[in-house]
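First the structure, in the form of structure tokens, and then the observations on it.
The values are calculated or read from the model by the stated rules, or taken from the named source; none is laboratory data. Note that the coordinates shown come from a computational prediction; the quantities given were computed from them, not determined experimentally. FYI the Cβ positions are ideal-geometry reconstructions off the backbone, even for glycines, and counts take in every protein chain you see.
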Amino acid sequence: MPEDDNLRARDFARMFRLISAAKERAEALQLRNLVHLTNMALLQVALDWEGLDPERDPDIDLGGLVREKERIAMRHGRENLLVLPHT
């Protein structure tokens, strides 16, 4: 089962990196609504990754959770993600 947990964590980290890259591009293009949506998506990935529900546990530090997952996701994968600009 630990191997399954490791694969699951890698999948969540990959999703986090992909959404983060989309957010960075949206910021560069000054697409505020899309930036807002990607922030919401990053929060949801972090919650799902941990199996948390903020309605059941309103004391969750959501910002801290997203920052923690960002550190984990970016630690071993950022160099493998390349976003090509649309030309």
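In the stretch 43-69, the residues that are within 13 Å of F12 (Cα to Cα) and among the charged types (D, E, K, R) form no Cβ pair under 7 Å with any partner that is assigned to a loop (DSSP other than H, G, I, E, B) and modelled with pLDDT of 95 or more, whether six or more places apart or across chains. Filtering the stretch 66-87 for residues that are of a type in the set (G, A, S), in a helix (DSSP H, G or I) and at pLDDT 95 or above leaves an empty set.
Scanning the stretch 25-43 for residues that are closer than 25 Å to N6 by Cα and surrounded by 13 or more Cβ atoms within 10 Å (Cβ to Cβ) gives T38, N39, A41, L42, L43. Restricting attention to the stretch 36-65, and to residues there that are among the charged types (D, E, K, R) and outside any helix (DSSP H, G or I), which single residue is modelled with the lowest pLDDT? In this case the residue turns out to be D57. Checking the structure you have, find out if any residue of the stretch 26-35 is within 13 Å of the chain's Cα centre (by Cα), more than 21 Å from H76 (Cα to Cα) and in a helix (DSSP H, G or I). For the stretch 26-35, residues within 13 Å of the chain's Cα centre (by Cα), more than 21 Å from H76 (Cα to Cα) and in a helix (DSSP H, G or I): present.
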